[in-house]
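Notes for the one structure printed next.
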Amino acid sequence: MTKIHNLGFPRIGAMRELKFALEAYWQGQSSRDELKALGKQLRRHHWQMQSGLDWVPVGDFAFYDQVLDMSFTLGNLPERVQNFHGDALDNYFRVARGRSAQPANEPARCCGEVAAGEMTKWFDTNYHYIVPEFTAATEFKLDASRLLEQLAEAKAQGIAAKPVIIGPVTYLWLGKAKDDSDKLALLPKLLPVYAELLETLAAEGVEWVQIDEPILVTELEAAWQNAFNTAYQHLQACPIKLLLATYFGQLAENRQLAASLPVAGLHVDAINGRDDVEPLIEQLPADKVLSLGVINGRNIWKADLNAALDWIEPLARRLGGRLWLAPSCSLLHVPVDLDSEQQLDAETKPWLAFAKQKLDELRVLGVALNRGRDAVKAELEANRAAIEARRNSPRVNNPKVKAALAGITPQLAQRNSPYAQRAVKQAALLKLPKFPTTTIGSFPQTAEIRQARSNFKSGKLDEAGYKTAMQAEIARCVGEQEALGLDVFVHGEAERNDMVEYFGEQLDGYAFSRFGWVQSYGSRCVKPPILFGDISRPQAMTVDWIKYAQSLTDKPMKAMLTGPVTVLNWSFVRDDQPRSVTCKQLALAIRAETLDLESAGIGIIQIDEAALREGLPLRKSQWREYLDWAVESFRIAANGVSDETQIHTHMCYSEFNDIIAAIAGMDADVITIETSRSDMELLDAFDHFKYPNEIGPGVYDIHSPNIPSEQHIVALMRKAAERIPAERLWVNPDCGLKTRQWNEVIPALAHMVAAAKTLRTLAG
């Protein structure tokens, strides 16, 4: 009998219950007990939704991040939080966000409690994890309380529990050494703690543990490959069965290594690594389970179940009970339940599957394999009809868009003059001081803004009333920037619900959910729009708002657009054509908006590519192809303007040192990046690469409520000036300010402006 299981479930809740509970706790509006009770309630509900599976994941729930959970399980706490007293949850949130709960009505304090842990992207997803920190002196000590508590809850609910943990080699690989030590040198200290954890779980009656080692789909140096053999030779003595899980790509040259490890089972991503499957069947020992990820855990399209069965049925006959089926990866990356969507586009909704529906698809496959297709005949026919309807829909394919794409020439991606010539013209026009100050685009999305948007969408507020409300917020933002003394203003993006969804709503080829929320980090959620067809721009999307903002001030107003690569990577993208084709369609739409902004008299245009690094393939051998079309798409979007128009771009929380040449190839006049949480570490790239254009290294960590001091900002910028000539440096936050509150933003930006003045004085 083929078994079916899941690797992980979304934890935020179908209605973002965890988000709201976390924020209430952090703001001192609810108690720790109330937060923990909500977590228990969500786990119970999510396990119910997974009923019928042979194995259900336990331990995939986290109050902030699963990697941070693993750090606490292993007793790997940064030294700066080890002397704090209070509940372990307080230290957990201190590492995650710089502080724990704040008593109600207490003002934000300068510099907060402690530096938050560094945050970066989880492989090539839009999920962010808290980076483990190591030194040569790091020690590990088991604290299994979180996992054991969840395991006890699952047992009480009658769940066939499969605990989920991050494997030791991946855990070390994900972290950063804060000194010059070798992370792998910590493996001998780490393995006994993992063994103790597995023995503890075995004592609780656990049969299987899912141990995630996704770095096996990357190109590993020999030392890391050897570390796998060392680790699992050590752990094979534990009295428990290990299902080693890989995902997000193919094993390729690591296939033999993965097949030979002394574990009871191996999970592979059969969506992205289908070519691994046949060789693995030949290589795996006859008693080892092979789990195939046959339902896409990263996208929301309905699986073609009939085609899947055509492929899987012969494998099931060969493998028998050794075959398990699952989603390709954790369902953390998709929304919870399509059934909540009562207003979704009627034609596209039947084409979709969220987490709950993906498990339904898995159950259908399990029944078909174990009892025959006739047992699920109606389900398979309904699936076939949905797949055919999507394939044949005239809304998916637009001949005019395809013709425009065919008309792209190399000239579309070129500026008129090199940067050095453009910079002189822009300086003469803008007349900015040294160390010019700006923000990344958004200002706080207040309750009043959200209420006005909700009332407008529900019909309680007409278009004129909505426009008046948004203009009032824009005027507020402009007034605050005038008072602060910033050099380049933004309009604040009050009218935008999300930096991708806002644009998707105005482009043909998109559909939108109401509750399709996906966790990005902590309590931060995004609702990716659904890109189902060819993309075109019916009319201007931002021009009127920016023109209004510019009418309120003589300072230069920076227009804000989201770049084609980021729109692509932060959407649920169609899977029926190459991503490069879709990206260039988006580039043509953004290009039209860029030109309209310039025609409206806007002299600075920021085209954010926050997700450029995120889309990078996990294997370096595939980077060049992606970077070629990604950079070309940005240049198509940006490069139709005159030399005098200054093009900015922004990238946040991405390790990009290894693609700095490609970033320079984007030829943006100014790039702004995250550097504050990494203490300017990202600027190490500029030690060996002479970045030719202007750069704004972020100095205000907007993902923490902590308020940076003037002295702290000056120190960061002086570090930056050691690598980048001062005349090419800007001063700005790490990212947009929409998630922060005005009482945090105003003092932080005031310190930033003061720091810029100090820097000008020091520079002479």
Query raised in the report: Taking the inverse of the average 1/r across all pairs of different Cα atoms in the chain, what Kirkwood radius in Å do you get?
Result: 27.2
Query - Portion, in percent, of the accessible area of the chain that falls on carbon or sulfur, probe 1.4 Å - result: 50
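Between Asp628 and Lys40, what length in nm is gained on full extension when 0.36 nm per residue of separation is reduced by their alpha carbon distance? Don't skip to the answer; put the middle values down first.
Details: separation 588, 0.36 × 588 = 211.68 nm, distance 4.67 nm.
207.0 nm is the gain from fully extending Asp628 to Lys40.
Taking 2.2 N^0.38 Å as the expected size of a compact globular protein, what ratio does the Cα radius of gyration of the range 5-45 give against it, to two decimals? Intermediate results must be reported in sequence, preceding the final value.
Values: Rg = 11.1 Å, N = 41, 2.2 N^0.38 = 9.0 Å.
For the range 5-45, the normalised Cα radius of gyration comes out at 1.23.
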Query raised in the report: Between Ala156 and Arg524, what FRET efficiency follows from the Cβ-Cβ distance if R0 is 41 Å, with the result rounded to 0.05?
Result: 0.85
Query raised in the report: In square nanometres, what is the average projected area of the Cα convex hull of the range 206-334?
Result: 8.1
Report summary line: proj_area_mean for the range 4-91 (convex hull on C-alpha atoms), units nm², value 6.6
Query raised in the report: Alpha carbon centre of the range 297-371 versus the range 729-764: separation in Å?
Result: 48
Query raised in the report: Quick one: Cα centre-to-centre distance for the range 481-534 and the range 172-239, in angstrom?
Result: 39
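What number comes out for accessible area per residue over the chain if the probe is 1.4 Å? Units Å², please.
Averaged over the residues of the chain, the accessible area is 37 Å².
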**Report entry** Nitroxide proxy distance, nm - points 7 Å out along Cα→Cβ at Leu257 and Asp90
**Finding:** 4.3
Query raised in the report: If the cut-off is 19 Å between C-alpha atoms, which aspartates and glutamates fall inside it for Lys690, apart from same-chain ones fewer than 8 positions away?
Result: Glu655, Asp658, Asp667, Asp669, Glu674, Glu681, Glu722, Glu727
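For Ala447 and Arg514, FRET efficiency with R0 = 22 Å and r from the beta-carbon atoms, rounded to 0.05? Each step should come with its number before you reach the end.
Values: r = 19 Å, r/R0 = 0.88.
The computed FRET efficiency comes out at 0.70.
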Report task. Report, by chain and number, residues whose modeled amide H sits under 5 Å from the one on Asp345, excluding near sequence neighbours (fewer than 5 apart, same chain). Result -> Phe512
Query raised in the report: Between Gln711 and Arg395, what is the spin-label point distance in nm, taking each point 7 Å from the Cα along the Cα→C-beta axis?
Result: 6.0
**Report entry** Cα-based Rg / Dmax (Å) for the range 479-600
**Finding:** 15.9, 51
Query raised in the report: How large is ³J(HN,Hα), in whole Hz, for each residue of the range 553-561 in order, when computed from phi with the Karplus curve 6.51 cos²θ - 1.76 cosθ + 1.60 and θ = phi - 60°, using x for Gly and Pro?
Result: 8, 8, 6, x, 9, 8, 7, 10, 10
Query raised in the report: Between Glu221 and Leu405, what is the label-to-label distance in nm when each label sits 7 Å out along the Cα-to-Cβ direction?
Result: 4.0
Report summary line: Per residue, the convex hull enclosing the alpha carbons of the range 344-426 has a volume in Å³ of 222
Requested in this report: Could you list which residues have their amide H under 5 Å from that of Thr645, counting only those 5 or more apart in sequence or on another chain, with H placed in the peptide plane?
Outcome: none
Report summary line: Along the dipole axis of the chain (charges at Cβ: +1 for Lys and Arg, -1 for Asp and Glu; origin at the Cα centre), the most positive-end residue among Pro350, Gly8, Ala115 is Pro350
Report summary line: In the structure shown, of Lys349/Lys738; Lys558/Lys757; Lys19/Lys527, the pairs separated by more than 19 angstrom at the C-alpha atoms are Lys349/Lys738; Lys558/Lys757
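Rounded, prolate or oblate: pick one for the range 48-185, where a ≥ b ≥ c are the square roots of the eigenvalues of its C-alpha gyration tensor, a/c under 1.5 means rounded, and failing that, prolate if a/b is larger than b/c, else oblate. Present the calculation step by step, with values, prior to reporting the outcome.
Details: a/c = 1.90, a/b = 1.32, b/c = 1.44.
Since a/c reaches 1.5 but b/c is at least a/b, the shape of the range 48-185 is classed as oblate.
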Report summary line: Once the mean of 1/r over all distinct C-alpha pairs in the range 424-470 is inverted, the Kirkwood radius in Å reads 13.7
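Accessible area, 1.4 Å probe, largest first: how do Arg579, Arg322, Arg371 sort? Mind showing how you got there, number by number?
Numbers: Arg579 105, Arg322 50, Arg371 170 Å².
Sorted descending by solvent-accessible area, the residues read Arg371, Arg579, Arg322.
Just to be sure I understand: if I project the alpha-carbon convex hull of the range 338-481 onto a plane and average over all orientations, what area do I get in nm²? If you can, show how the numbers build up before the last one.
On the way: hull surface 68.7 nm².
Approximately 17.2 nm², given one-decimal rounding.
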**Report entry** Area accessible to solvent at Ile215, 1.4 Å probe radius, in Å²
**Finding:** 0
Query raised in the report: Just going by the charge dipole of the chain, with Lys and Arg at +1 and Asp and Glu at -1 on Cβ, which of Gln506, Pro578, His45 is farthest out on the positive end?
Result: Gln506
Query - Degrees, to the nearest 10: 742-763 long Cα axis against longest axis of the chain - result: 60
Requested in this report: Go ahead and estimate [θ] at 222 nm for the chain from helices alone: -39,500 (n - 2.57) per DSSP H run with n ≥ 4, summed, over the residue count, rounded to 500.
Outcome: -12500 deg cm²/dmol
Query raised in the report: What's the percent breakdown of Cα-Cα distances in the range 466-550 across 10 Å bins, shortest bin first?
Result: 15, 36, 33, 15, 1
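On a full-extension model of 0.36 nm per residue, what is the gain between Ile281 and Ala203, subtracting their alpha-carbon distance, rounded to one decimal in nm?
Stretched out fully, the Ile281 to Ala203 stretch lengthens by 24.9 nm.
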Query - log₁₀ of I(q)/I(0) at q = 0.16, 0.21 Å⁻¹ - the range 610-716, Debye sum with one point per alpha carbon - result: -0.79, -1.19
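Going by the alpha-carbon gyration tensor, a ≥ b ≥ c the square roots of its eigenvalues, is the range 703-754 rounded (a/c under 1.5) or, if a/c is not under 1.5, prolate (a/b greater than b/c) versus oblate?
prolate
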Report summary line: Taking r as the C-beta separation of Ala307 and Asp658 and R0 as 35 Å, the FRET efficiency to the nearest 0.05 is 0.40
Report task. Please turn the phi angles of the range 382-397 into ³J(HN,Hα) values with the Karplus equation 6.51 cos²θ - 1.76 cosθ + 1.60 (θ = phi - 60°), one per residue in order, whole Hz, x for glycine and proline. Result -> 4, 5, 4, 5, 5, 4, 5, 4, 5, 4, 9, 5, x, 6, 7, 10
**Report entry** Anisotropy class of the range 260-366 from Cα gyration tensor, a/c 1.5 cut
**Finding:** prolate
Report task. Compute the acute angle (0 to 90°) between the alpha-carbon long axis of helix 710-721 and the principal axis of greatest extent of the alpha-carbon atoms of the chain; round to the nearest 10°. Result -> 90
Query raised in the report: With axes computed from alpha carbons, what is the tilt in degrees of helix 579-599 against the longest principal axis of the chain, rounded to the nearest 10 within 0 to 90?
Result: 20
Report summary line: For the range 183-268 (alpha-carbon point model, no solvent) the Debye-based log₁₀ I(q)/I(0) at q = 0.13, 0.22, 0.26 Å⁻¹ works out to -0.41, -1.12, -1.39
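The values are calculated or read from the model by the stated rules, or taken from the named source; none is laboratory data. Note that the structure is predicted; figures quoted are calculated from it, not measured. Please note: Cβ atoms are built from the backbone with ideal geometry, for glycine as well, and neighbour counts cover all protein chains shown. Accessible surface areas use protein heavy atoms only, side chains included; no ligands, DNA or RNA. Shrake-Rupley method; radii C 1.70, N 1.55, O 1.52, S 1.80 Å.
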